[in-house]
Every structure is written in structure tokens, then in C-alpha cells.
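All remarks here apply to the structure that follows.
The values are calculated or read from the model by the stated rules, or taken from the named source; none is laboratory data. Computed from a predicted model, the values in this text were never measured in an experiment. Note that each Cβ is placed from the backbone with ideal geometry, even for glycine, and that neighbours are counted across all protein chains shown.
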There are 2 protein chains.
Amino acid sequence: MGKRNFSKRVSYRTSDAMSKFVLAQDPETISFAGGLPDNNLFPVEELKHAYEEVLRTEGNLAFQYTSTCGDIKLRELVGKNLFKRWNKTIPADNIVLTEGSQQALDLLGKLFLDDGDIALIEEPGYLGTIQAWSMYSDNLIGIPQDEYGIDTDYLEEKLKELKDLIKVLYVVPDFSNPAGTCLEIKRRLKLVELSEKYNFYIVEDLAYSLLSYDHETYPPLVTLSDSNKIITIGSFSKILSPGLRTGFIIAPKDITQIIVRLKEGTDLCSGTLNQKLIYHFYKLGYLEKHVEKLRVAYRTKRDSLKKALDEKFKDIAKWNFPQGGFFFFLVFPEWVDAYKLAETALEQKTSFVPGEEFFVSKRGKNTARISFSQVSPEKMAEGIKRLHIAWELYKEKEEVFL
Amino acid sequence: MGKRNFSKRVSYRTSDAMSKFVLAQDPETISFAGGLPDNNLFPVEELKHAYEEVLRTEGNLAFQYTSTCGDIKLRELVGKNLFKRWNKTIPADNIVLTEGSQQALDLLGKLFLDDGDIALIEEPGYLGTIQAWSMYSDNLIGIPQDEYGIDTDYLEEKLKELKDLIKVLYVVPDFSNPAGTCLEIKRRLKLVELSEKYNFYIVEDLAYSLLSYDHETYPPLVTLSDSNKIITIGSFSKILSPGLRTGFIIAPKDITQIIVRLKEGTDLCSGTLNQKLIYHFYKLGYLEKHVEKLRVAYRTKRDSLKKALDEKFKDIAKWNFPQGGFFFFLVFPEWVDAYKLAETALEQKTSFVPGEEFFVSKRGKNTARISFSQVSPEKMAEGIKRLHIAWELYKEKEEVFL
């Protein structure tokens, strides 16, 4: 017969690394693998109160469909508060609530990409973006980043070379996943300038922006320009709860209108109760206090991890010092295969994600993402000690071949 | 420049009919337009109790990510109970929980369709399927249905003609949307036989199957055969709450594994709290009792609507008598343009959806979907009276041209 049963996208690149190192673990493992927030930090009591408020004020409607663009009250609150620090208000019409930021990425892939279209992704870059967009085009290109974020000079060369073929670029300007970098202000301005000049859209993802530990972040791109080429996405997953699956897209109104139509075909609407819960939690003033609490808790974790890494890995690998977010990104000597190291680490009951996962180009074999979000400060040293044992074992085995 | 900013799918067919007739209404309107469940029938007290159970037994984990395939306890419960009446159990590995059945449809479009691939949809058929699948291919073909469901003779002719080009067929075997039909048992068996012979997948959607008012439904396709060509989808939207956005896909394990990978790129996972709420509601025994209550309430609505239609429209249109679900499907004389009638009806403060929306072929201009789910039995006669006034006005205007 020769008929292909499934779509082409089903045969696209896939890797077992995430499921192998993030999911399949025994309880004894100290995990630096997942990018999940700490279970113990969810504000359960305040959410309980918010739930009572939902039932008291909204009654049965909390269980009905909501509009495809999302709860109007929550959109208004996000629009009013999110960029207050930069004196910018976003009208509710320019906001669509999504099923976490992952659905925002899926909808943007749907919006922009036909098969073969080019999308650019900072490299190393967020795996969820690579996964979402490769469903729509197999033509993703990585643009390297250094310690100051995406390399805008390299980008400009690529733009000159590929010109009109590029439709969209993805960056995480603050505390990026996995690199932990912040995009410097000069480059932010340059990005906006390039997107106008070369006519492509920028998707900036603010997933970690509120989780800053040392100083406030630089302004998001959307506050730096009135360009209609900037799309901003964000999420309540890291600052409140990923289980409530609520993210958002901020875009010019003609774009949000198209996105709403795409979302209608995708899931009709996101969860009503979830959106109303978050609205009341936010409105009751719990969110700001909670973010403050998270900053303190995650800063402590970060500092413990830094100390442990300094002690054990100083002469073995290089890394950034992240000033927010969840991740250290380790660069080992070129001969290292971090996937094999991760396998050895798993045997020693600790885990991390091999950095190669975050490279569209499949470079980065010698890199590793080490997440501190789920490990208690007390266990940090023990986890890194185990990783160091794994390193010694791995090195011994490899050195036979070197 | 000439570059297309957005993907081709953005320019696909679109209609204002749903938003015009379903959403934009003043509170005085008696609406037969939406397929939404009745606000007043949500079991808020029992859900409150279920929420307490979630917090008591699952604690903080209710707010963390859940697995991409969905809460294991809920999948096990669905697998154990859904087809109990037909002595069939589905292993949890064959079930993926989704963001309502709309996401099930989106994921199946992603799974099967490259641009140009053929998908068959019963006609008239569910608009959500047309919307979801047309994002992946513009080659959807309608297969007519009559009062016994999809016409399997017509289908067989199409299959002989198009052979290998057809990848998937969509049907709602019980109380279909919008036609209200049930697929007779002989045709169910024939469908399974054809899918094996011509090597295409069947997606059967059980959205309304539990809402039967006169007798139990015939067995779902998946209980009639061990064929690996049958995919079953369903949802808690109509039997519990659409705001909790929980549906499911039942498929052979090699397919659920692919779907999980596609879902990972789409939204990582669905709402944790929502799934746990439904699990506890179900486990506490509330679901069965609630469905019984819904059957009584919607049966009363259906009977009131039938009475009102019999009185006012007997000589004007023909319709089915639905034995479950939410919909009467009216067929007017051929000269009628139901879109224009719907506009006139809106002026008379009542509404319905023009049937043309549900035809891939854009036939069905003279048809109308009348939903009784949201109208109280007391208001049914008044609504149909208004519709009759609209009819008289419309006819008068049109007869000038006839």
C-alpha cells in the first residue's frame, strides 16, 4: 500500500533524555534535572482562600466554558500590573490567556510556520520551543548566545544571508533556560532594530523574569519600543503553580485576534476555574508577597549550589552565575560526553539534563543543565558530591580511550 | 518584500456565524445557539467536597505539573468504568487525558494530517473537528449522514474512488452534533470492516453518549472489535463541567505513545487540579448520580422543545427527534437561507446556529441547529414563538423575490 499512516511530523527528531533523566527516578535520587518549581513552596492556604472567593463571587460560572481569549478580569489585571514598573499598561484586547506558556509557543508555531519556514532560536535555548515549533517546520536555526545573551552580531550576519526567509526569533531575555543568562540592554535595543529592518517577529519569553535574586531585570523588549513586531509570552507556572496551566500571549490586537481563532480550534478555551483562581489569588494581594517569598527561597538554593559547585567542580567545568531563574549551565572540556556522564550520575543517584538537548544544531555535547529549583539547600552539597563521584568514574572510564 | 508574515493556515476558511449567534447576545435573548451545558446544573456542592478531598489527600502535588498523559488514577478509573456495560476494560496506558475533547481533535489532526491529506467527516458534522483538522490539511471531505447516521454505502463508494489517500474518518455515533442522530448497529460494524479493508483510522467521539433519554446507546465501535484502527475520544464537559477542560483519547498503545509526545510539545500537560478534582468527584460516586440527574433535566427540556416545535413549525420544517444529546436539526425548504433567518431571529431576541457551518461541502444552507441545553422548559415555548415570528418576517421579505 505504501500509505504513510501518520503525519511527517511524527517522525521528527526525538530524544529519550528528558524522560530518562527527569522522570524515571527513584526517591533516593537528588535531582538537578527538572525545571519544576519546588513542591513545598506552593501557597496552598492562600489558594484555598482564593477558591472560596471564586465560589462565593462567581458561583456556577466557574465551571462553564470561558471565552477563548480567557477570563476578562484576569487579562485586565495582567495588563495593568505586569509592566507597571516601566509605566506601561497593556489593554486586555492585546492579551490571550493560554494553557501555560507551552501552549503559547504551540499557538505561535501555528501562527507563523508552514513547513520549511525558518524560525530562529537562541542557542542553547528552551527545549519546549524547539519541540513546539518543530511540529510546524523542520527548519529551526540556532543563534548562539554568550554570557550577555543572544549574539546580535552573529544574528545580523545570518539575517543578511537568509533575509526574507526568516519569520520569527525566540529569546528568553531574563535568566534563560538553560543558560541562566540575561540579555544586556544594548542587545535588546539591537534586536528590536533588526526585527524592524529585516521584517521578522520576536517572541520574548518572560517565564523567569520575576524570579530575580540580586537586582531587578532590564526592561522587556515590549516596554522598549512600540514596534508591532514584538510578541511577549509569560506564565504563572514558575511564580505560582504550573498545575493551574495558565500562561499568556501579549501581541498587537490584529495578531491576538488570529491567535484566538487558532486557539478555538486547538482547545476552545483554557480552564475556567484555574483562571478565576489565579485572578482572585492575584487580586487578594497574595501574588506579590508570594513572589517575594520565592525569591528568598530560591536565592538560598542558588547560593548553596554555587558553593557546592565551587568546592567540587571549579577545575573541571566552567559556568555562569545566574542572577535569577533556576539554572546553572556547565561547560565541560570538549572531550566530555555529558549524556554518558548523566548516565553515570543516575547510577550514583543524582541527575541533570545533558545540554545537547537545548541545541538545535546538536552542538553542546559537553554541556549540562543543573537546576537547583527542587533541591533543598541541605541536600545541595550531597547531590554535587554524588555528581563529583560520577565525574571521577566517568573520567576514569573515558581516559582509557583518550 | 513579498514575504508571507503568517502561515498558510491563517488564511483558511472562517465564518462569523458562531461568534455572531452564540456569543454576542443581550440577556433578553432566548438562545438555542450554544452547545453549552446548563449553568444551573453544575454540581457545585459535590465539587466543593471533591476539592477538599484533593487537598486532604494530595496536598501540594495538586499544584505541580502532572504527567503529559494525565493523572494515573483518573486514567485507571476511566479505563475501568467507561465501557463496563460492555464488559470491556481499557488499560491506563491506552488512555491520554486532554484539554477537553477539542484538544483530542487537535492532537489527532497533528498525528494524522500533512497538508493535502484527506480526512473524512460525517456531514453535517461537528464544527470543532472541522476547525481543528483544517489547521493541518485543507482537504476535508464530508460524508453525508441520514437519520441512521453516516451513510456507509456512500462512504464505500468514496473509499473505492480515493483509496489510499484517506487517512482518517470522524463520526459521533451517539446523538451527534448537530444532527442528533444515532449510528445504527449494522453501520457501526460496516465502518469497522471498511476501515480494515481500506486502511484508514476511525475517530469516534462519545461526547454525548451518556446523555441518553429514552434507551441506552448501542455499543461504541471500540467495544465491537479489537481492530487497531479505532480511536475513541470523550470528555467530561457535557456530563460534569467544561470549565474543568478534561477529555480523553483511547487508542492502541503505540499511538498513545506518539500522542503523548505531540502533547508534550503542545502544552506539556493538562491541568493537575482539574484532573484530580474530577478523579475525586468520580471516585466519591457523584458522577453516576449526577449523570442520572442530567438525563432527567435534559429530557424535560427536549420534550418541551419538541412540543413547541410541533406546535409552530410542523408544516414549515422537518426535523429528527433526538433521543439524547442537545440538538434538534431542522431542515427548511430549499429556498431558505438559514443565515438570514438567524439574523432576523436575533432581532426578535432568539438565536440558533445556521446549519451550513457544519457542512464541509458548504451545502445545508437551508438547515438550522436548535439546541435545548441552556433554555429552561418554561422559556422553550416563548423562544420558539419568537423564532416563528422571525420566520414569518423572513418569509414575507423573501417571498417578494420568489
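Just the residues that are at pLDDT 90 or above, assigned to a helix (DSSP H, G or I) and over 19 Å from the mean Cα position of the chain (by Cα), please, taken from region A:11-40.
Listed by number, the list holds a single entry, A:ASN40.
Which ones in region A:284-296 are in a helix (DSSP H, G or I) and either crowded, with 24+ Cβ neighbours inside 10 Å or away from every other protein chain (no Cβ under 13 Å) (or both)?
Here is the first cut: in region A:284-296, the ones in a helix (DSSP H, G or I) are A:286-296.
A:TYR286, A:LEU287, A:GLU288, A:LYS289, A:VAL291, A:GLU292, A:LYS293, A:LEU294, A:ARG295, A:VAL296, listed by residue number.
Select from region A:365-402 the residues that are hydroxyl-bearing (Ser, Thr, Tyr) and either in contact with an Asp or Glu (Cβ under 9 Å, 6 or more places away or on another chain) or in a loop (DSSP other than H, G, I, E, B) (or both) and write down the one among them that is nearest to A:PRO27 (Cα to Cα). Working first, answer last.
We begin by selecting, within region A:365-402, every residue hydroxyl-bearing (Ser, Thr, Tyr); these are A:367, A:371, A:373, A:376, A:394.
If we keep only those that are either in contact with an Asp or Glu (Cβ under 9 Å, 6 or more places away or on another chain) or in a loop (DSSP other than H, G, I, E, B) (or both) too, we end up with A:367, A:373, A:376, A:394.
Values: A:THR367: 25, A:SER373: 16, A:SER376: 14, A:TYR394: 23 Å.
By that ranking, first place goes to A:SER376.
Given the conditions (1) modelled with pLDDT under 95; (2) of a type in the set (Val, Ile, Thr); (3) touching a strand residue (DSSP E or B) at 6+ places or on another chain (Cβ under 6 Å), which single one is not true for B:ILE250?
(1)
Please go through region A:38-66 and give me each residue that is farther than 26 Å from A:LYS293 by Cα and at the interface with chain B (Cβ under 8 Å from one of its Cβ atoms), ordered by number. Give the derivation first.
So in region A:38-66, the residues farther than 26 Å from A:LYS293 by Cα come out as A:55-66.
The answer is A:LEU55, A:GLY59, A:ASN60, A:LEU61, A:ALA62, A:PHE63, A:GLN64, A:TYR65, A:THR66.
Does region A:269-283 contain at least one residue that is over 20 Å from the mean Cα position of the chain (by Cα), away from chain B (no Cβ under 14 Å) and more than 30 Å from B:ASN39 (Cα to Cα)?
Looking through region A:269-283, none of the residues is over 20 Å from the mean Cα position of the chain (by Cα), away from chain B (no Cβ under 14 Å) and more than 30 Å from B:ASN39 (Cα to Cα).
Filter region B:106-120 down to residues that are over 11 Å from A:THR266 (Cα atoms) and facing another protein chain (nearest Cβ under 7 Å) and give me whichever is surrounded by the most Cβ atoms within 10 Å (Cβ to Cβ).
Restricting to residues being over 11 Å from A:THR266 (Cα atoms) and facing another protein chain (nearest Cβ under 7 Å), the top hit is B:LEU113.
With the requirement that a residue be closer than 23 Å to A:LYS289 by Cβ, in a loop (DSSP other than H, G, I, E, B) and in contact (Cβ under 8 Å) with a residue 60 or more places away in the chain, what does region A:233-260 give you?
A:SER237, A:LYS238, A:LEU240, A:SER241, A:ARG245, A:THR246
Among the residues of region A:11-19, are any within 13 Å of chain B (Cβ to nearest Cβ), surrounded by fewer than 17 Cβ atoms within 10 Å (Cβ to Cβ) and either among the aromatic types (Phe, Trp, Tyr) or in contact with a His (Cβ under 6 Å, 6 or more places away or on another chain) (or both)?
yes
If a residue must be within 21 Å of the chain's Cα centre (by Cα) and of a type in the set (Lys, Arg), how many such residues does region A:284-340 contain?
Result for region A:284-340: 5.
Need pairs with beta-carbon distance below 7 Å; first residue without any contact (Cβ under 8 Å) to a residue 60 or more places away in the chain and within region A:275-296, second of a type outside the set (Val, Ile, Thr); sequence gap 6+ or separate chains.
Hits for this filter: A:LEU287/A:LEU240; A:LEU287/A:PHE281.
Out of everything in region A:61-75 that is touching a residue at least 60 places away in the same chain (Cβ under 8 Å) and of a type in the set (A, V, I, L, M), what residue ends up being nearest to B:LEU23 (Cα to Cα)?
Of everything passing the filter in region A:61-75, A:LEU61 is nearest to B:LEU23 (Cα to Cα).
Does A:GLY234 satisfy the criteria of being in contact with a Pro (Cβ under 8 Å, 6 or more places away or on another chain), closer than 30 Å to A:PHE352 by Cβ and buried (at least 21 other Cβ atoms within 10 Å of the Cβ)? Full working, then the answer.
Numbers: in contact with a Pro (Cβ under 8 Å, 6 or more places away or on another chain): no; closer than 30 Å to A:PHE352 by Cβ: yes; buried (at least 21 other Cβ atoms within 10 Å of the Cβ): yes.
In short, no.
From B:THR256, B:THR272, B:THR223, which residue is crowded, with 24+ Cβ neighbours inside 10 Å and among the β-branched types (Val, Ile, Thr)? Break it down into steps so the answer makes sense when it comes.
Working: B:THR256 fails: crowded, with 24+ Cβ neighbours inside 10 Å; B:THR223 fails: crowded, with 24+ Cβ neighbours inside 10 Å.
Result of the check over B:THR256, B:THR272, B:THR223: B:THR272.
Test A:LYS263 against the stated conditions and say whether it is among the basic types (Lys, Arg), assigned to a loop (DSSP other than H, G, I, E, B), within 14 Å of another protein chain (Cβ to nearest Cβ) and buried (at least 24 other Cβ atoms within 10 Å of the Cβ). Full working, then the answer.
Numbers: among the basic types (Lys, Arg): yes; assigned to a loop (DSSP other than H, G, I, E, B): no; within 14 Å of another protein chain (Cβ to nearest Cβ): yes; buried (at least 24 other Cβ atoms within 10 Å of the Cβ): yes.
Here the answer is no, as A:LYS263 does not meet what is asked.
I'd like the residue in region B:184-222 that is touching a strand residue (DSSP E or B) at 6+ places or on another chain (Cβ under 9 Å) and of a type in the set (Ser, Thr, Tyr) and, out of all such residues, is farthest from B:PHE112 (Cα to Cα).
B:TYR213
Given the residues B:GLY35, B:GLY79, B:GLY70, which is the only one that is within 26 Å of A:VAL44 (Cα to Cα), buried (at least 16 other Cβ atoms within 10 Å of the Cβ), more than 9 Å from chain A (Cβ to nearest Cβ) and of a type outside the set (D, E, K, R)?
Values: B:GLY35 fails: within 26 Å of A:VAL44 (Cα to Cα); B:GLY79 fails: within 26 Å of A:VAL44 (Cα to Cα).
Sole residue among the options that is within 26 Å of A:VAL44 (Cα to Cα), buried (at least 16 other Cβ atoms within 10 Å of the Cβ), more than 9 Å from chain A (Cβ to nearest Cβ) and of a type outside the set (D, E, K, R): B:GLY70.
Among the residues in region B:13-21, are any in contact with a Gly (Cβ under 7 Å, 6 or more places away or on another chain) and touching a residue at least 12 places away in the same chain (Cβ under 8 Å)? Step through it out loud before you land on a result.
First, pick out the residues of region B:13-21 that are in contact with a Gly (Cβ under 7 Å, 6 or more places away or on another chain): none.
The answer is no; no qualifying residue exists.
Between B:TYR213, B:TYR201, which is closer than 25 Å to B:LEU287 by Cβ and either modelled with pLDDT of 95 or more or crowded, with 19+ Cβ neighbours inside 10 Å (or both)?
Details: B:TYR201 fails: closer than 25 Å to B:LEU287 by Cβ.
Answer to the check: B:TYR213.
Please determine whether any residue of region A:297-320 is crowded, with 20+ Cβ neighbours inside 10 Å and within 14 Å of chain B (Cβ to nearest Cβ).
No: zero hits.
Give me the residue from region B:140-185 that is touching an Asp or Glu at 6+ places or on another chain (Cβ under 8 Å) and surrounded by fewer than 19 Cβ atoms within 10 Å (Cβ to Cβ) and, out of that set, farthest from B:LEU221 (Cα to Cα).
Top of the filtered list is B:LEU165.
Identify, by number, the condition in (1) more than 14 Å from every other protein chain (Cβ to nearest Cβ); (2) of a type in the set (Ser, Thr, Tyr); (3) crowded, with 24+ Cβ neighbours inside 10 Å that B:TYR136 doesn't meet.
(1)
Just to be sure I understand the filter: pairs with C-beta atoms under 6 Å, separated by 6 or more residues or on different chains, first member in region B:180-203 and over 13 Å from B:SER225 (Cβ atoms), second member part of a helix (DSSP H, G or I). Which pairs pass?
Cβ pairs passing all conditions: B:ARG187/B:THR152; B:TYR198/B:LEU159; B:VAL203/B:LEU108.
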